[in-house]
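Okay, so here's the structure we're looking at.
Throughout, read-outs are computed from the coordinates displayed, never taken from laboratory work. Please read all numbers here as calculations on a predicted model, not as lab measurements.
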Amino acid sequence: MIEKIFAYAFLLFFFAMDIIARKDSTAKKVTKTNDDNKDSFMKTVYQ
């Protein structure tokens, strides 16, 4: 029984790490595009 719990905890840990890593990379991409959009929007507004 305890071995099963450890196995599940191990899998969950790796799964969470994978999700966090993916969120990190996608978040960086999203913020970058948002910043670019803001810049172009500001340029258009202040022309």
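In table form, for the structure just shown:
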quantity	calculated
Extended-chain gain in nm, criterion 0.36 nm per residue less alpha-carbon gap, Leu11 and Lys43	6.7 nm
Estimated vicinal HN-Hα couplings, Hz - the range 13-19 in sequence order (Karplus 6.51, -1.76, 1.60; Gly, Pro = x)	4, 5, 4, 5, 4, 4, 5
